[in-house]
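The values are calculated or read from the model by the stated rules, or taken from the named source; none is laboratory data. The model shown is predicted, which means the values in this text are computed figures rather than measured ones. We place every Cβ from the backbone using ideal geometry, glycine too, and count neighbours over all the protein chains shown.
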Amino acid sequence: MSCCPNCFYHEWLKADIREQSLEMGNCDFCGSLAVPLIDESELAGAFHNLVSMYTEADTFENGEFLAWLIDWDWQVFDDDRLPEDKRGELLESILNSDWDDDDGDPRFSATDLYMRVNDQWFHRTNRDVWQDFCSQVRRDQNVQFPFEDFMADELAVSEDAVIAGTIFHRARPGFLFDENDEREAWSGVDIAAPPLPRCKAGRANVEGQRVLYVADQEKTAVSEVRPAFGSYVSVACISLRRNARILDLTRDLPQLNPFVQDQMVWHREIRALLCALGEEMSRPLERFDDVASYIATQRLSDYIRLSNFDGIRYPSALQPAGSSVVFFDPQVGEVVESRLVKITFLDLEYEED
């Protein structure tokens, strides 16, 4: 039987069918007329790669029809042109087109119930492992960092190169008075990374460890110092002295193609893990003195530094649209100018606990 591009919503599938098609005609599945056609067997390899992310459901309650699952996750079929029963029929036809009764595997049935591999009750994802570590390390700081054996290579997917001269922003509450008793913004070393005696524990450093916290946006830098209404904040521009390699936990990663990408379960887990790392880096303290909340991200930061990164970009804790960066070398940035701003408006959001 033959299918056509109109059966599918996924752009790669549509393009692949057009490229492989050697005939025009009427589609056996969606009924489109005079369209490029391809035998369903030509899509078997791509679809077997896709469904490697799924397994038969362990219970009835956990299961869904596979055609529904892949459509929910990847928008495979054109829902307007292909009714639900036809989606199952087409999927069944594709997956059984290369079936061999000698290999011992049963034929695929569109009415069987499936689930995602990483949704199985016994399957612990990398995100699960990280969240368990975050919980355990607050009680026992000797808990081993869980990703030492494999994670360094996987971090490269979120690597970003920042060139010398890039401008970041840094803020410090308050100001000083000049010789005319006028308010003046902190500048130079007074708004750079604090000296060792004043280095308090942060999300990427332990107490007494110097790092440089900056923000990509000026408003983010101001928000991160948690200013009060009517207060003054000194804001500086920080110029990068040299090129830097950072782990960017805010970036949108290239979309995966489930029809050609090998080891899809693994790639999806790594992306979910990177998302979880960014969430933990951006989590604000519930109490100002609760520095134990930073132990997990301090250990993560040590690992990233030892993996030859110069810093980490992560979502801002206090400015949802903004991003912050921590550089492990406090001398990587130079204060080029600073100015004084007054806080004239603060927005407040809250939720019931």
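Of all the numbered requirements in (1) surrounded by 19 or more Cβ atoms within 10 Å (Cβ to Cβ); (2) part of a loop (DSSP other than H, G, I, E, B); (3) of a type outside the set (Asp, Glu), Leu69 misses one, and that requirement is (2). From the residues in the stretch 183-227 that are closer than 19 Å to Ser301 by Cβ and among the small types (Gly, Ala, Ser), which one is surrounded by the most Cβ atoms within 10 Å (Cβ to Cβ)? Once the filter is applied, the top-ranked residue is Ala204. Could you tell me which residue of the stretch 228-250 is nearest to the chain's Cα centre (by Cα), considering only residues that are among the hydroxyl-bearing types (Ser, Thr, Tyr) and buried (at least 19 other Cβ atoms within 10 Å of the Cβ)? In this case the residue turns out to be Thr250.
Right, Val76: touching a strand residue (DSSP E or B) at 6+ places or on another chain (Cβ under 9 Å) and under 20 Å from Asn257 (Cα atoms) or not? Spelling it out, Val76 is indeed touching a strand residue (DSSP E or B) at 6+ places or on another chain (Cβ under 9 Å) and under 20 Å from Asn257 (Cα atoms).
Of all residues in the stretch 74-84, exactly one satisfies the criterion of being touching a helix residue (DSSP H, G or I) at 6+ places or on another chain (Cβ under 9 Å) and free of Cβ contacts under 8 Å to residues at least 60 places away in the same chain, namely Glu84. The requirement of being over 28 Å from Leu113 (Cβ atoms), in the same structural domain as Ser97 (by TED's automatic domain parsing) and among the acidic types (Asp, Glu) is fulfilled somewhere in the stretch 2-18, by at least one residue. Quick check on the stretch 40-57. Is at least one of its residues farther than 20 Å from Pro258 by Cβ and outside the structural domain of Gln255 (by TED's automatic domain parsing)? No. Checked against the criterion of being over 29 Å from the mean Cα position of the chain (by Cα) and of a type in the set (D, E, K, R), the stretch 162-175 contains one or more residues that satisfy it. Can you name the number of the only condition in (1) assigned to a loop (DSSP other than H, G, I, E, B); (2) modelled with pLDDT of 95 or more; (3) under 19 Å from Val260 (Cβ atoms) that Asp98 fails? Only one criterion in (1) assigned to a loop (DSSP other than H, G, I, E, B); (2) modelled with pLDDT of 95 or more; (3) under 19 Å from Val260 (Cβ atoms) is unmet by Asp98, namely (2). The set of residues from the stretch 251-300 being at pLDDT 90 or above, more than 11 Å from the chain's Cα centre (by Cα) and within 19 Å of Pro315 (Cα to Cα) comprises Glu280, Met281, Ser282, Tyr294, Ile295, Ala296, Thr297, Gln298, Arg299, Leu300.
As a summary of the residue check, Phe77 satisfies the conditions (1) within 28 Å of the chain's Cα centre (by Cα); (2) over 20 Å from Gly25 (Cα atoms); (3) hydrophobic (A, V, I, L, M, F, W, C) except for the one numbered (2).
Scanning the stretch 46-79 for residues that are over 18 Å from Tyr114 (Cβ atoms) and at pLDDT 95 or above returns a single hit, Asp78. Residues satisfying the criterion are absent from the stretch 19-33 (criterion: surrounded by 19 or more Cβ atoms within 10 Å (Cβ to Cβ) and of a type in the set (A, V, I, L, M)). Among the candidates Arg245, Arg241, Arg268, the residue that is farther than 23 Å from Asp329 by Cβ and either outside the structural domain of Pro320 (by TED's automatic domain parsing) or among the charged types (D, E, K, R) (or both) is uniquely Arg268. Annotation: Arg242 fulfils all but one of (1) free of Cβ contacts under 8 Å to residues at least 40 places away in the same chain; (2) in a loop (DSSP other than H, G, I, E, B); (3) charged (D, E, K, R); the unmet one is (1).
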